[in-house]
Amino acid sequence: MRKSASIAGSILATALLLGACGNNDTSTEKNTTGTEDTTTGSGTVNDESANKSSSDTNDSSTTNNSTVSDSDQNYMKEKMDKLTYDEFELEVDYGKDKEYEIEIEQDNGKVESTVEDELSNTNLKGREAFDEIYPKLEKLDITETTSKEQAIQQALDAFNLKDDYVKFDIEITMPDGQKIQFEDKK
């Protein structure tokens, strides 16, 4: 009887083992079916493949972004060379947490630009900020001989800002390294 029980146990164990292997075969078949579904464009596996494709696309666009960044840098450097300023910073405080602040600076050969406009809830960086600021900078003609009142009025006009500010601060760095700064408080 013991021998029969051992044989029965072995057969049962073998059946379970084969059954488990059979389940793996079934899931392999499902994967194969899923792969076929991917080819036909349906099924869950297709969604995973689409996500992988999307990730691959994102990876390339990240790579493209670094290329675009180099392209943007070249674009911004070329434009900055046309200006009479190397760096430009404007801060206009209207009180009650309402401030308009823009900046274009060149640091280690890189042009960096930001717009923090609490008046219209706009925050921009990089090329987008540069494209917002640059056309307005072209309108300015502030030099070391420009009076404080003229510089302030030019900046307010160029950036479409009101003159009811609490504090106004503009700092310009010229190509020769000379800094021009005008500050006003009301």
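A few remarks follow.
- Note on segment 128-152: among residues that are touching a Leu at 6+ places or on another chain (Cβ under 8 Å) and of a type in the set (D, E), the one that is surrounded by the most Cβ atoms within 10 Å (Cβ to Cβ) is E132.
- Candidate set from segment 88-113 (those that are in contact with a helix residue (DSSP H, G or I) (Cβ under 9 Å, 6 or more places away or on another chain) and among the charged types (D, E, K, R)); member that is nearest to N160 (Cα to Cα): E103
- Here Y165 clears all of (1) within 28 Å of Q73 (Cα to Cα); (2) surrounded by 19 or more Cβ atoms within 10 Å (Cβ to Cβ) except the condition numbered (1).
- Any pair with Cβ under 6 angstrom, 6 or more apart, that starts in segment 100-125 at a residue that is in the same structural domain as I170 (by TED's automatic domain parsing) and ends at one that is of a type in the set (S, T, Y) and surrounded by 13 or more Cβ atoms within 10 Å (Cβ to Cβ): E103/T114; I104/S113; D117/Y100; L119/Y100; K125/T114
The values are calculated or read from the model by the stated rules, or taken from the named source; none is laboratory data. Computed from a predicted model, the values in this text were never measured in an experiment. No Cβ is skipped: glycine too gets one built from the backbone with ideal geometry, and neighbour counts run over all protein chains shown.
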